[in-house]
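The values are calculated or read from the model by the stated rules, or taken from the named source; none is laboratory data. The structure displayed is predicted, hence computed values, not measured ones. For neighbour counting, all protein chains shown are included, and Cβ atoms are generated from backbone atoms with ideal geometry for every residue, glycine included.
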């Protein structure tokens, strides 16, 4: 297919200082959970982005000096000469894919707790460090000698980055992470010397380091400044007016401006709290201040929006982190006119959780993300089939849909049977909840892929029993039958059932539009992810007065890993939901709830005319268990294997379900593993002598 002429503007080359980007697609710096621990996995991840058409592919933040490191987060490091080969490995991979390689150098300053190096953090003022974990550490005020050291360290890092082969060198002053940001912000900078007070003084360090970087990078490299547009805290912080003034002061100094909004949480809001392009009002007008190219983000997934932003002079480059994770081949698909094939980001931020859990990045839409080197998976290419096996997939939720389309692309003959009329399973239901409509993209993309495959048959309203599976002549059966929310209170706090009346409600009831009739509802959340908060919002909008109780010290506590916990708690409070934290439900008789303090165990009772339990789930394993009991019949039926995947094996996230579907397809017909080694590649650190 040919590219739609409406999008030609997105494929124009753009100059960045001495360099030329082949198009306007720019993968801005983003974390990945790999960092210095898994450089080959990281290099392959970036390479595939470049292969997919991103003209510029950036690293995550790269620590330039051991006196400012952000343990426990695992990012890249350029502390000394021996770090260069690791960084060169990544730059080479990006070049191999056809992209320009950008490196985001960072001195974290007050964002660096230095838990590994044990160095005393430094910043513009004597203040507690600004980290996600409220570490009990303070930064000391930098004197002029410290500032001179920082300038020297940054210059040395630039020289090392150039020797590693990077084309674009970043000066980082965004998200509250970089030391230059802290000097810019009145929240952190109370200095009275030449680096404090007026905006020109607070911007002095940024200007000096940018000038140093330009000089050290040489004539063949470009320099980018990444700047926060607004801290979104009002006058005490760095505001959009000040950001515009800083850009005006330094307008032509860098070769590119990369613009971010507020903190990382604000810059990467989940779709529940921020639509596509939410940052546009802050980006508007910046290009009238500078002639240098401007890149901005906004979880852009719509080509029409991208083209409009360029035509209207808002942006020169379409910046992306999460959309480039959901679909590394997004630019090529637009260029080739394959818009239906784009995996649109759903804005769930499961990718971000990898950084917070120090684990490899993952993606709900793109199960190959993070497995490019570790397992050899590719977002667009699938191994050809290795046998003539016909495969039955039972259940068309996220695991079943992914499994069926991946197997179909390998060339297998597949039948997909779903008990309901509508396909999508839990995704279909959850996408109807407040703020989660974008999650329907998980279903929609896979259905579009299946429609293009002539070797996959879909059977709706087909509730299969063991006799059906055994009588259909398939060689392999994949059970993706999902899971059911429990009604007995079992989850993390209680691992045994608690006494509750039969009239209890679960998420399954509410998603099926069966809501309590009572005006007052107690919602007990021992799941701790998004479901409790979303259902509380649903109930309020249905006219109920809601109390959300959780044994955790805050609501939806795991969503700290997706950077939305504060937004969830704020929304619930604004909706008038009563929050009772650190309290565990111990019994409910249909009218009153018995409650225990999660810390002391002290019991109390309160009125609760209706109860919704958001606790654990049970896999729908009845079909699998019956087939296992009838294993003696498999051979005569021609059935070689029965495999449960996704929630039907062990309930988890939607990302785990799509991963399970892809994994089954990838591993089908592989030879048995000869030993108990991991089923993925990993790198082992070099051992050095004791002395």
Tell me, please, whether a residue that is touching a residue at least 40 places away in the same chain (Cβ under 8 Å), in a strand (DSSP E or B) and farther than 16 Å from residue 165 by Cα can be found in segment 95-104. no
Does residue 185 count as surrounded by fewer than 24 Cβ atoms within 10 Å (Cβ to Cβ) and in contact (Cβ under 8 Å) with a residue 24 or more places away in the chain? yes
Expected single match for assigned by TED's automatic domain parsing to the domain that holds residue 178 and closer than 26 Å to residue 563 by Cβ among 277, 248 is 277
Could you list all residues from segment 230-242 that are within 11 Å of residue 262 (Cβ to Cβ) and in a helix (DSSP H, G or I)? 240
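For (1) within 28 Å of residue 452 (Cα to Cα); (2) at pLDDT 95 or above; (3) surrounded by 24 or more Cβ atoms within 10 Å (Cβ to Cβ), each residue gets a yes or a no:
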residue: 312; (1), (2), (3): no, yes, no
residue: 317; (1), (2), (3): no, yes, yes
residue: 324; (1), (2), (3): yes, yes, yes
residue: 333; (1), (2), (3): yes, yes, no
residue: 338; (1), (2), (3): yes, yes, no
residue: 341; (1), (2), (3): yes, yes, no
residue: 346; (1), (2), (3): yes, yes, yes
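Considering only segment 519-537, how many residues are under 16 Å from residue 618 (Cβ atoms) and assigned to a strand (DSSP E or B)?
Final tally of qualifying residues: 0.
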For segment 597-691, give me every one of the strands (runs of 3 or more DSSP E) that falls completely inside it and has 2 or more residues that are more than 21 Å from residue 487 (Cα to Cα). 603-607, 641-644
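Looking at segment 45-84 only, could you name the residues that are in a helix (DSSP H, G or I) and touching a residue at least 40 places away in the same chain (Cβ under 8 Å)?
Within segment 45-84, 45, 46, 47, 48, 49, 50, 51, 81, 83, 84 meet the criteria.
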Scan segment 166-173 and tell me whether some residue there is over 22 Å from residue 18 (Cβ atoms) and crowded, with 23+ Cβ neighbours inside 10 Å. yes
Name the one entry in 592, 633, 574 that is surrounded by 13 or more Cβ atoms within 10 Å (Cβ to Cβ) and under 24 Å from residue 532 (Cα atoms). 592
Could you pull out the residue among 267, 304, 220, 255 that is farther than 22 Å from residue 176 by Cα and crowded, with 20+ Cβ neighbours inside 10 Å? 255
List the number of the failed condition for residue 516; all other conditions in (1) touching a strand residue (DSSP E or B) at 6+ places or on another chain (Cβ under 7 Å); (2) assigned to a helix (DSSP H, G or I) hold. (2)
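Conditions (1) in contact with a strand residue (DSSP E or B) (Cβ under 7 Å, 6 or more places away or on another chain); (2) surrounded by 14 or more Cβ atoms within 10 Å (Cβ to Cβ); (3) in contact (Cβ under 8 Å) with a residue 24 or more places away in the chain, marked per residue:
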{"site": "539", "(1), (2), (3)": "yes, yes, yes"}
{"site": "542", "(1), (2), (3)": "no, no, yes"}
{"site": "550", "(1), (2), (3)": "yes, yes, yes"}
{"site": "564", "(1), (2), (3)": "no, yes, yes"}
{"site": "570", "(1), (2), (3)": "no, no, no"}
{"site": "587", "(1), (2), (3)": "yes, yes, yes"}
{"site": "604", "(1), (2), (3)": "yes, no, no"}
{"site": "614", "(1), (2), (3)": "yes, yes, yes"}
